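Participant: The structure's right below; bear with me while I get my questions together.
Here, each number is a calculation from the coordinates, and none is a lab measurement. This is a predicted model, so every value here is computed, not measured. In this analysis, Cβ positions are derived from the backbone assuming ideal geometry, glycine residues included, and neighbour counts consider all displayed protein chains.
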Amino acid sequence: MQLADFLDCDAIKTALPGGNKRSLMKQLAELAAQRIGAKPADVLASLNEREQLGSTGFGQGVAIPHAKIEGLAGIYGLFARLSEPVDYKAIDGRPVDLIFLLLSPPDAGAEHLKALASISRVTRDAATLERLRGARSRDALAAVLMGADERDAA
């Protein structure tokens, strides 16, 4: 599975105001809910439920909040770069400034894991992370993400 299979490039955010983890999750839930036709409170509750199991801050300034959403037709991904890093309780203790939100239908177990793996492949590459932090527009961010996706597919 590739990022292009589920990432909503039209919803990429270049300078989302983070604030704190709680306000960030609320903003992400509202953005995603608007795009997928769900209730923001339902998306937020699912994200928070998953986050209680352990932080989705994976290190190097990257977080991958993810959840299962009833009624979702397929896997949905959203990317945001924060205007200011947020203390996310990441595993390496670093604040987070790059967010990949991943939402999946409850029955998409294997596909959900494949989508997480494709995000993980992209975020493990330090050069890609640097390009994401340096990109100045939505189109530039999308190009970096899709370019990293294509390199991983090769």
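Participant: Just to check I understand the Karplus step: with θ = phi - 60° and J = 6.51 cos²θ - 1.76 cosθ + 1.60, what whole-Hz values come out for segment 45-60, glycine and proline as x?
Facilitator: 4, 5, 5, 5, 4, 5, 5, 5, 6, x, 4, 9, x, 8, x, 6
Participant: Suppose every Lys and Arg Cβ carries +1 and every Asp and Glu Cβ carries -1, with no other charges. What dipole size does segment 3-153 come out with about its Cα centre, to the nearest 20 debye?
Facilitator: 360 debye
Participant: Let me ask something else. If contacts are Cα pairs under 8 angstrom and at least 6 residues apart, what is the relative contact order of segment 19-141 in percent?
Facilitator: 22 percent.
Participant: Taking amide H positions as placed 1.01 Å from N in the peptide plane, with prolines and chain starts having none, which residues 5 or more places from Gly59, or on another chain, fall under 5 Å of its amide H?
Facilitator: Placed amide hydrogens put Ile91, Asp92 under 5 Å from Gly59.
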